[in-house]
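Where a number appears in this text, it was derived from the coordinates with a stated rule and is not lab data. Model, not experiment: these values are computed from the prediction. All Cβ positions, glycine included, derive from the backbone under ideal geometry; neighbour counts span all protein chains shown.
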Ligand code: ISL
Ligand code: CA
C-alpha cells in the first residue's frame, strides 16, 4: 500500500462569492477567505478548492472567464491571491484552483477576435459552423436550456456553447488552444498552487461531424451528451496535458466528469493511465427518476446503495474516488438526503459518517459542516443562477408550465440552494457582509451559524472535526476495503471496511424510524470499540444486535 497525500486529505470547497465579504460590497472576496483560514484549520481540513476567482463578467459566477491570468475585480487583486496562497501554506494546508477550460467567456479577448471575422487567426479557437436549412447546425440542447448554438450576425455562422450563450466552447482540436491552456496552467502551478479541479473536463472532445442527437419525443432540442461527453480524443488531450504540465508537479487533480460510468472513470484515473488523480462522478446526484433533475421524484435508498457500492468496488485497487454529497451545483445534502427539520443535526452527522467512512477523498462544501439547509425563495426574482432563469424562461414563460410547481422544483433542486451566503453568526446578514448581500441569506441563520456551532459541543461542526481526526489517526479509513452488508434492508445502509486484520463496521439509519440492526453471522468479533456515533450509546450494548434511533449512525471497530 503506497501512501499518497491526496488520498489521505479532506478537501473543503469554497464558493468565494458566498463565503466571506471583507469590504462591505455584498460579495465574498479573497481577503474574506484569508480572514477565515483559522476557522478552516480548526475544522481540520487539508486542502481548499476555490471555485473560479479569475476575471469574469459573471454570467455564471466566474465559470465564464475573460482573463485566466488575473483576479476578478470584485474578489481582489493578484497581491491578495499571493497572500492567500502564502497564508494557506503557512497553516500547512493546500490550495487547489478551478480550471475552466472547456469554454471561456464571450468577453475573453480570444473570442472577441474569433467572432470578428472568418479569417481572424483566433477564428479556430472556438467551434463555428454554418446553419443547416435556416436552423442551428444540429439539434443539441444546452445544459442551461435552449439550443447549444448561438447565431452570430456579424459572420453569419453559429458558435457552440454547451452552457450559457456567454460561454462559447473552446476548440481543443486546435493545438494552439491546448498550448495556451497548458501555459496558463503552468503560470498558476509556478506560483505554487497544489492542483486543479477541472470543470467539465470530459466534454472537451466533441465527435466529428456534430451529428444530431436522437430525438424520439420530437423536442425542439435534444440531449447530445453521447457526442461530447468522454469524446474520442479526451484521453489524448489529458495524456498530453499530463506529460507537458501535471507530471512536473506534486499536485492533485480532480476531473468533473458528469455522465461517467466506473468503466469510463478508470480511463481517467486508472493508476497506470497518467491522467488525473480522481474524478467527480454524478450517478448518485442524478438518481432522480426518468424526469431527471427538474422533478420532485424521490430518490431511493436501494439506488444509493447500488450506485455507491458499485463505485467502491469497481475502483478498489485500480483508481481513486472522490466522495461528495453536495457542491455549488447541488441542493444541500441535509435537505436532499437527510431531514432538515426535526432531525437536522442527527441526519447531517449521519450523512457525514456515511460519506467519510467510504473509500475516497471526501469533499466538504462550505456550510455543510454546520448543517446548512436549502433555501425557499418565494419569488423567482430572488434567484440569481443563470441555469434557473433560463429554465424559467424556457418552461414557464415560453412553455406555459405551472409557475407554482416550477418554483417548488427550483426550491428543491436549484443551484442557488448552495449559494446563499455562509452563515457565520446571528448578526444581520449572518455576519457574511456589512452591506447588502448579492443573494439573500437563508433566514435560518439565526439558528444555524458557525458561532453557535463552535460553542455547542454536540454540533455538526464538532462532529466533522472528529470524523476528520479519525481519518488522520486510522489508515483503515483511507485504505480499507469496502463491503456492503444488509444489501436489501429498506432503512439501514451498513458496510464494513477491512484492512489487514482490522474491521470497521459502519451502520447508518437513513430514516426517522427505529429499525433493528443485526450483524451478519459470518462477521465475528471478540471485542469492540465505538469509534464515533451521533447519539449516546450504552457501552455494554453489543454491535451484534441493536435498535437504531432516527438517523442514527455508529462506527465500531471489531477485533
Ligand atoms: O449543475 C448542473 C446543471 O444542472 C450540472 O449539469 C453542471 O452544469 C455541470 O455539472 C457542469 O458544471 C460545471 O460547469 C458549469 C458551471 O455552471 C458549474 O457551476 C460547474 O460546476 C459551466 O462551467
Ligand atoms: Ca467584497
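How much length is gained if the chain between residue 190 and residue 8 is pulled fully straight, taking 0.36 nm per residue apart and subtracting their Cα-Cα distance, in nm to one decimal? All intermediate terms of the calculation are to be shown ahead of the outcome.
Details: separation 182, 0.36 × 182 = 65.52 nm, distance 2.42 nm.
Separation in residues times 0.36 nm, less the Cα-Cα distance, equals 63.1 nm.
Could you give the length gained by full extension between residue 263 and residue 559, i.e. 0.36 nm per residue of separation minus their alpha carbon distance, to one decimal place?
Full-extension gain reported as 103.1 nm.
By average Cβ neighbour count within 10 Å, what is the ranking of 104-116, 444-456, 524-536 from highest down?
Those peptides, ordered most packed to least, come out 104-116, 444-456, 524-536.
Which FRET efficiency, nearest 0.05, do residue 176 and residue 427 yield, Cβ-Cβ r, R0 60 Å?
0.70
Kindly rank 367-377, 208-218, 35-45, 253-263 from highest to lowest mean number of other beta carbons found within 10 Å of each residue.
With the highest mean Cβ count within 10 Å placed first, the list reads 367-377, 253-263, 35-45, 208-218.
Evaluate E = 1/(1 + (r/R0)^6) for residue 393 and residue 183, where r is the Cβ-Cβ distance and R0 equals 41 Å; express this FRET efficiency to the nearest 0.05.
0.60
Just grab the label-to-label distance for residue 402 and residue 472, each label 7 Å out from Cα along the Cβ direction, in nm (one decimal).
My value for the distance between the label points is 5.1 nm.
In Å and from the alpha-carbon atoms only, list the Rg and Dmax of segment 130-254.
That works out to 16.7, 51 Å for Rg and Dmax.
Assuming R0 = 35 Å, what is the FRET efficiency of residue 79 and residue 273, from their Cβ-Cβ distance, to the nearest 0.05?
Numbers: r = 38 Å, r/R0 = 1.09.
Efficiency for this residue pair is about 0.35.
Say each of residue 451 and residue 67 gets a label point 7 Å from the Cα, pointing the same way as Cα to Cβ; how far apart are those two points in nm?
Each label point is offset 7 Å from its Cα along the Cβ direction, giving 3.8 nm.
Kindly provide the pair-distance distribution of segment 420-551 built from C-alpha pairs, with 10 Å bins from 0 and whole-percent values in order of increasing distance.
10, 30, 29, 18, 11, 2, 0
Starting from the eigenvalues of the Cα gyration tensor, five times each then square-rooted, give me the equivalent ellipsoid semi-axes of segment 253-300, largest first, whole Å.
28, 9, 7
Over all Cα pairs of segment 478-558, how is the pair count split among 5 Å bins, expressed in % and running from 0 up to the last occupied bin?
Using 5 Å bins, I get a P(r) of 3, 15, 29, 28, 17, 8, 1, 0 for segment 478-558.
Rounded to two decimals, what is the ratio between the C-alpha radius of gyration of the chain and 2.2 N^0.38 Å?
So the Cα radius of gyration is 0.97 times the expected 2.2 N^0.38 Å.
In nm, what is the difference between 0.36 nm times the number of residues separating residue 286 and residue 544 and their Cα-Cα distance?
89.4 nm
Please compute one quarter of the surface area of the Cα convex hull for segment 79-154 and express it in square nanometres.
7.9
So for the pair residue 536, residue 133, with labels modelled 7 Å out along Cα→Cβ, what separation do we get in nm?
With each label placed 7 Å out from Cα toward Cβ, I get 7.3 nm.
To test your reading of the geometry: what angle, between 0 and 90 degrees and rounded to tens, separates the Cα axis of helix 460-473 from the longest principal axis of the chain?
That helix lies at roughly 80 degrees to the long axis.
Measure nothing but the geometry: give the 0 to 90° angle between the long axis through the Cα atoms of 78-90 and the longest principal axis through the Cα atoms of the chain, rounded to 10°.
20
Could you work out how far helix 301-315 tilts from the main Cα principal axis of the chain, as a 0 to 90 degree angle to the nearest 10?
Result, in degrees: 80.
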